[in-house]
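The values are calculated or read from the model by the stated rules, or taken from the named source; none is laboratory data. As the structure is a computational prediction, the values presented were derived from the model and not from experiment. Because the Cβ atoms are built from the backbone with ideal geometry, glycine has one as well, and the counts that use them run over all protein chains shown. Accessible surface is based on the protein model in full, side chains and every heavy atom, while ligands, DNA and RNA are left aside. Shrake-Rupley method; radii C 1.70, N 1.55, O 1.52, S 1.80 Å.
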Amino acid sequence: MAQTLDADRFPDYLQRAGNRLAPLYTVSGDEPLLVTETMDALRAAARAAGYTDRTTMVMDARSDWSAVMAATQSVSLFGDRRLLELKIPTGKPGKAGADTLVKLAEQAQAQTQGDPDTVLVIGLPRLDKATRESRWALALAAGITVDVSAVDRNRLPAWIGARLARQKQQTDNATLQWMADKVEGNLLAAHQEILKLGLLYPEGALAAEDVERAVLNVARYDVFGLRDAMLAGDVGRTVRMLDGLRAEGEALPLVLWAVGEEIRILARVAETRANGGDANAAMRRLRIFGAHEKLALQALGRVPARAWPAAVQHAHEVDRIIKGLPVPGRLADPWEEMTRLALRVAAAGRRGA
């Protein structure tokens, strides 16, 4: 029964399964829109398969987990089959919860024949590596796991294009990129804007000017997205995200922390590399992994090692400006100076930079 699917493949899986559902599903992810769509698809499949009784329980480490076991063992008054949704928003069930989840997974594995009377759905946030290797998480992996991944900026235009295609509309790549800029970081808003286009315009090709008239600027910028744009050398996106953070009233000390801490970390890695040390080992020590590591290597390849200490000093000076202290040679507006700091990394290595 063990199987892992992504959210895009899950509807096809349900269609192939027909009315034969597995006894245990785990839906894990932090993107509200995609999690909701996944759960809705599973609920619809359960209704079609005759699971007309639905119970939802929200649990954490302090909850009474004996109630969950009682819910799986009780019989509906009318003999209806049940869909039991067990949501754990914190991803931390505690000891009693962990023991209960293991028991539930064992019960599900024992149901190898026939349709289960109860289909159990566990809703979780995205789990870190240590939690994924916990006893209860490994036990749940024996069922059907739906991994709901976030849609990053690089995939967003294609995602928008696919959603438009569902409503038999399409537009050119430049317009898809423009839409992605407007809705970046807010997938629910992107979904709403796509539906709006379906209501406003007929099927077929959408003109760029029509899309621009209809779509709102609903991007929700965040400091880690700013960090990634800076590391990737995307000057336009870096400036746009800083403008968005400023317009949204984001706390400037938090923005400086995200940018300044990254600069300090990469300055240490650059120094290690310049001294003949192992830069990859240094990044592992500093907990830079995965996509973050790839972006960090891009920045280290663009920015000369000798330039990092000056960037670190610049970050200290921005901190002084935020605190209201004048710094000779720097702008008085801390947001403007913050932009200059981020561009030291983002624009490095460009012709004329």
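For the stretch 235-247, the condition of being hydroxyl-bearing (Ser, Thr, Tyr), under 30 Å from residue 312 (Cβ atoms) and touching a residue at least 24 places away in the same chain (Cβ under 8 Å) holds for at least one residue. Within the stretch 250-276, the only residue that satisfies the criterion of being surrounded by 12 or more Cβ atoms within 10 Å (Cβ to Cβ) and over 21 Å from residue 344 (Cα atoms) is 250.
Among residues of the stretch 102-135 being open to solvent by less than 20 Å² (accessible area, probe 1.4 Å) and more than 23 Å from the chain's Cα centre (by Cα), the one that is farthest from residue 29 (Cα to Cα) is 116. If you go through the stretch 277-291 and keep only what is open to solvent by 40 Å² or more (accessible area, probe 1.4 Å) and not in a loop (DSSP other than H, G, I, E, B), you end up with 280, 284, 285, 290, 291.
Just checking, does the stretch 41-51 include any residue being on the phi > 0 side of the Ramachandran plot and of a type in the set (Gly, Ala, Ser)? Yes, some residue in the stretch 41-51 is on the phi > 0 side of the Ramachandran plot and of a type in the set (Gly, Ala, Ser). Here is a check on your reading of the model: is residue 216 loosely packed, with under 12 Cβ neighbours inside 10 Å, out of contact with any Cys (no Cβ under 8 Å at 6 or more places or on another chain) and under 23 Å from residue 150 (Cβ atoms)? Answer is yes for this residue. Taking the stretch 10-37 as the range and being out of contact with any strand residue (DSSP E or B) (no Cβ under 9 Å at 6 or more places or on another chain), outside any helix (DSSP H, G or I) and open to solvent by 70 Å² or more (accessible area, probe 1.4 Å) as the test, the residues that pass are 19, 20. Looking only at the stretch 54-65, residues that are open to solvent by 60 Å² or more (accessible area, probe 1.4 Å) and assigned to a strand (DSSP E or B) come to 3 in all. For first residues located in the stretch 281-292 and free of Cβ contacts under 8 Å to residues at least 24 places away in the same chain, partners that are part of a helix (DSSP H, G or I) and among the hydroxyl-bearing types (Ser, Thr, Tyr) and lie 6+ apart or on another chain with Cβ distances below 8 Å form the pairs 282/272.
Among the residues of the stretch 20-49, those that are in contact (Cβ under 8 Å) with a residue 40 or more places away in the chain, over 25 Å from residue 220 (Cα atoms) and of a type outside the set (Lys, Arg) comprise 21, 22, 23, 24, 25, 26, 42, 46, 49. The helices (runs of 4 or more DSSP H) located wholly in the stretch 94-185 that include 2 or more residues which are in contact with a helix residue (DSSP H, G or I) (Cβ under 6 Å, 6 or more places away or on another chain), closer than 30 Å to residue 233 by Cα and not charged (D, E, K, R) occupy 156-166, 173-183.
Hey, any hits in the stretch 231-239 for a residue that's touching a helix residue (DSSP H, G or I) at 6+ places or on another chain (Cβ under 7 Å), in a loop (DSSP other than H, G, I, E, B) and open to solvent by 60 Å² or more (accessible area, probe 1.4 Å)? The answer is yes; a qualifying residue exists.
Across the stretch 186-204, the number of residues qualifying as in a helix (DSSP H, G or I) and open to solvent by 50 Å² or more (accessible area, probe 1.4 Å) comes to 6. The residue that is farthest from residue 282 (Cα to Cα), among those in the stretch 332-353 that are surrounded by fewer than 17 Cβ atoms within 10 Å (Cβ to Cβ) and among the acidic types (Asp, Glu), is 333.
Of everything in the stretch 66-93 that is part of a loop (DSSP other than H, G, I, E, B) and within 25 Å of residue 48 (Cβ to Cβ), the residue that is modelled with the highest pLDDT is 81. It is to be established whether one or more residues within the stretch 33-46 are among the basic types (Lys, Arg) and over 30 Å from residue 151 (Cα atoms). No, the stretch 33-46 contains no residue that is among the basic types (Lys, Arg) and over 30 Å from residue 151 (Cα atoms). Residues being over 24 Å from residue 115 (Cα atoms) and either outside the structural domain of residue 139 (by the TED database) or surrounded by fewer than 16 Cβ atoms within 10 Å (Cβ to Cβ) (or both) are entirely absent from the stretch 38-53. Does any residue of the stretch 310-331 turn out to be closer than 29 Å to residue 129 by Cβ and surrounded by 18 or more Cβ atoms within 10 Å (Cβ to Cβ)? No: zero hits.
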